[in-house]
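Worksheet for the structure shown next.
Every read-out reported here was derived from the displayed coordinates using simple, explicitly stated rules and does not represent laboratory data. This is a predicted model, so every value here is computed, not measured. Note that we place each Cβ from the backbone using ideal geometry, even for glycine, and neighbour counts take in every protein chain shown.
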Amino acid sequence: MEEAEYESVLCVKPEVHVYRIPPRATNRGYRAAEWQLDQPSWSGRLRITAKGQVAYIKLEDRTSGELFAQAPVDQFPGTAVESVTDSSRYFVIRIEDGNGRRAFIGLGFGDRGDAFDFNVALQDHFKWVKQQCEFAKQAQNPDQGPKLDLGLKEGQTIKLNIARKCRSNPVDWLGCESFSCWEETNLY
């Protein structure tokens, strides 16, 4: 029986803004200062969800929850999500519709902390994906790891020093060496 994948919510931000962005003129990267930051094209809620190894950035209406746009993210950092070069609060995301059409839009947060949470949620998800892949590889080849042999080799002995209680009377302490008695034992 095949295991069903469930969708988990990684991050929810109640206030994000979407901007139309001009085409990239150079390979330097996108700059938020070139966008019309005072006139967002859309404002609403952002939810990051994960299903299997893919994260989804979903832009939804604040009140109805209707989906405005969705950006599947299969690796981070990558082309699906890029930071702008001049601010930590703005990103460029690649949205896709169900027909395979793609578009790049600007995504902005009013607070630097919200942008940080967005970034960390994606980083944590892909760190988890990487760990799951490593666990799967180890499960397929369990004999490849180094083996730790803690057994005694032939002819090897262990010497244990076991403390023995001295007499409880302080006057009798003088009979013990250094106020404690030790007994040496060899195990074979």
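Structure notes:
- Qualifying trypsin sites (Lys or Arg not before Pro) in segment 1-88, DSSP loop, other Cβ atoms within 10 Å at most 14: ARG20, ARG24, ARG28, ARG62
- Spin-label model distance (nm) - SER41 vs PHE135, 7 Å beyond Cα toward Cβ: 3.9 nm
- Computed FRET value (nearest 0.05) for ALA25 with ASP61, which takes r as the C-beta separation and R₀ as 45 Å: 0.85
- For segment 1-86, the set of chymotrypsin sites (Phe, Trp or Tyr not before Pro) satisfying both a DSSP loop assignment and a count of at most 16 other C-beta atoms within 10 Å is given as TYR6.
- Remark: spin-label model distance VAL9-ASP124 equals 1.4 nm, labels positioned 7 Å along the Cα→Cβ axis.
- GluC sites (Glu not before Pro) restricted to DSSP loop in segment 62-141 with at most 10 other C-beta within 10 Å: GLU66
- Computed about its Cα centre, the charge dipole of segment 7-140 is approximately 320 debye, with only Lys, Arg, Asp and Glu carrying charge at their Cβ.
- Per-residue HN-Hα couplings for segment 71-84 [Karplus 6.51, -1.76, 1.60; θ = phi - 60°; Hz; x = Gly/Pro]: 10, x, 10, 9, 7, 9, x, x, 7, 6, 9, 10, 7, 7
- Radius ratio Rg over Rh of segment 7-140, counting only Cα atoms, Kirkwood formula for Rh: 0.99
- Long-range amide H partners of SER87 with built H, under 5 Å: ALA32
- Long-range HN-HN contacts of SER41 with modeled amide H, under 5 Å: VAL18, TYR19, ARG20
- For segment 81-154, alpha-carbon Rg relative to the globular expectation (2.2 N^0.38 Å, N residues): 1.92
- ARG24 long-range amide H proximity, modeled H, under 5 Å: none
- ³J(HN,Hα), Karplus 6.51/-1.76/1.60, whole Hz, each residue of segment 127-133, x for Gly, Pro: 5, 5, 4, 4, 5, 4, 5
- Phi angles across segment 16-27 convert, under the Karplus curve 6.51 cos²θ - 1.76 cosθ + 1.60 with θ = phi - 60°, into 3J(HN,Hα) values of 9, 10, 10, 10, 6, 10, x, x, 6, 7, 10, 7 Hz, Gly and Pro given as x.
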